[in-house]
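Okay, so here's the structure we're looking at.
Please treat every number below as a calculation from the coordinates, not as lab data. These numbers come from a predicted model, not from an experiment. Virtual Cβ from ideal backbone geometry, glycine too; neighbours counted across all protein chains shown.
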Amino acid sequence: MVTFNRFTLTNGLRVLVHEDPATPMAVVNILYDVGARDEDPNQTGFAHLFEHLMFGGSVHVPNYDLPLQRVGGENNAFTNNDITNYYITLPSANLETAFWLESDRMLSLAFSEKSLEIQRNVVCEEFKQRYLDRPYGDMWLRLRPLAYKVHPYRWATIGKELAHIEDAKIQDVKAFFEKHYTPGNAIMVVAGDVTTNRVKQLAEKWFSPIPSRGKYVRKLPAEPRQQEARREVVHADVPLNSLHIAFHGSARSDDPYHAMDLISDMLSQGQSSRLYRRLVKEMQLFSEINAYQVGGLDPNLFVVEGKPSPQVSIETAEEAIWTELEALKNETVEEYELHKVKNRVESTMVFSELAILDKAMNLAYFELLGDANELNSEAKRYLGVSAADIQQQANTLFRKENSSTLIYIANKHAG
């Protein structure tokens, strides 16, 4: 069980404190409730670009990393379609340094043409290397708009296209900051060798002076129910043919989420999983195969993807996948199989409670979902999923009219 205390500053910043005197370290994790789904469709990639800009220095601290390194600290961040998360780990004796750095860039991030130019070039290079120049790199740039037609999940975190980053202007970046990087749009979790009283003192000292600026009210368009199968075939310089089938699934807070998560493990987690055992080991139709859910806060995607063996046609490979999905829909799941995947999830959750950084990030995420206390009930939700729940969710997910299929056909001269 992860224990914590909670308080909220007058400017709206929510603060959670997890006291763990067993470690000499501390973590300061700040989750901003902003991701790629909050972008203008004509200015995508801004949430990710902004993650980079946040390390470009603030008005009073021109070099963010140097003071942190001097006190033995490390930092990093990540952005996805829903959130942007920043974290610092450092010796707890130097906790105030983290408060100083994070509060200053929340209050007064330095906006300069030079910083924007540097980070824009970094992000553009990442876009090219990871998404445009790598085999299968543009998979999400194709699969998302194939599956989503209205909801902003239709573009990847990196953005819809390179031009959106290349054309980013300083005034647009400033507007993004003013709208989303506010105390009321953030959740701070402090974990490790700390006390709630000390954290309260530091939060009042460093974060209370920051104006509230209000909270952005999100009004995203709901994705209409998909009524027919969608398909795209791409001929590309890739080493092998590949197949990606996306199905619309539930949102993170919906009841079916946990059954959907367990289905992904049943299908492809480990060598005894259904898809690996049948299609890779026994029938040798695939060289690799995987199933996973994307995990978005809003209704998200369940994806089955794999690379057929060289001698196997796409048609044969695709039919084999559907045969296995139909089996899950029509056959009662044996208790031992369900028990096995539940045990795996439970052990993963136990391990995630060992590191203070993991605990801090999980507390912030569950607080965003509605209540950090729900973190301690998450394992029970998985354990409460029945075989009937699995079958019902499989029947909801795995329908042809709910599928979007992306196929890569390898050009003959590709390596």
Legend entry - Inter-label distance for GLU319 and ALA175, nm, one decimal - labels placed 7 Å from Cα along Cα-to-Cβ: 5.4
Legend entry - Per DSSP, loop trypsin sites (Lys or Arg not before Pro) in the stretch 121-217 with at most 11 further Cβ within 10 Å: LYS169
Inset, instruction - Give the longest segment of the chain that steers clear of GluC sites (Glu not before Pro) in DSSP loops with at most 11 neighbouring Cβ atoms within 10 Å, not counting the sites themselves. - result: 1-227
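Give the relative contact order (percent, whole number) for the stretch 1-136; include only Cα pairs under 8 Å separated by 6+ residues.
Values: 166 pairs, mean separation 34.8, N = 136.
Computed value for the stretch 1-136: 26 percent relative contact order.
Listing PHE351, PHE247, PHE50 from the residue with the fewest other Cβ atoms within 10 Å to the one with the most, what is the order?
Values: PHE351 10, PHE247 21, PHE50 24.
So the ranking, lowest neighbour count to highest, is PHE351, PHE247, PHE50.
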Legend entry - Scattering curve values for the stretch 230-410, log₁₀ I(q)/I(0), Debye with Cα scatterers, q = 0.08, 0.15 Å⁻¹: -0.28, -0.91
Inset, instruction - Please work out the Cα center distance from the stretch 240-268 to the stretch 26-69, rounded to the nearest Å. - result: 30
Inset, instruction - Rounded to the nearest 0.05, what FRET efficiency do VAL217 and THR23 give with R0 = 51 Å and r taken as the Cβ-Cβ distance? Could you check? - result: 0.85
Inset, instruction - Taking the Cβ of each residue in SER264, SER112 as the centre, tally the other Cβ atoms inside 10 Å and list the residues starting with the fewest. - result: SER112, SER264
Legend entry - Globularity index of the stretch 5-206, i.e. its alpha-carbon radius of gyration over 2.2 N^0.38 Å: 1.08
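For the chain, what is the calculated [θ] at 222 nm in deg cm²/dmol (nearest 500), taking -39500 (n - 2.57) for each run of four or more DSSP H residues and dividing by its residue count? Please report the intermediate quantities before stating the final value.
Working: 14 runs with 155 residues, N = 415.
Using -39500 (n - 2.57) per qualifying helix, the result is -11500 deg cm²/dmol.
How much length is gained on full extension from ASN376 to THR332, taking 0.36 nm per residue of separation minus their Cα-Cα distance? Don't skip to the end; give the middle numbers.
Working: separation 44, 0.36 × 44 = 15.84 nm, distance 2.99 nm.
Length gained between ASN376 and THR332: 12.9 nm.
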Legend entry - Where trypsin sites (Lys or Arg not before Pro) fall in DSSP loop in the stretch 362-415, at most 11 other Cβ within 10 Å: LYS412
Legend entry - ILE118, ILE356, ILE30, ILE210 arranged by Cβ crowding within 10 Å, fewest neighbours leading: ILE118, ILE210, ILE356, ILE30
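Quote the relative contact order of the chain in percent (integer), defining contacts as alpha-carbon pairs under 8 Å separated by 6+ residues. Mind dumping the intermediate values first?
Working: 763 pairs, mean separation 92.0, N = 415.
The value is 22 percent.
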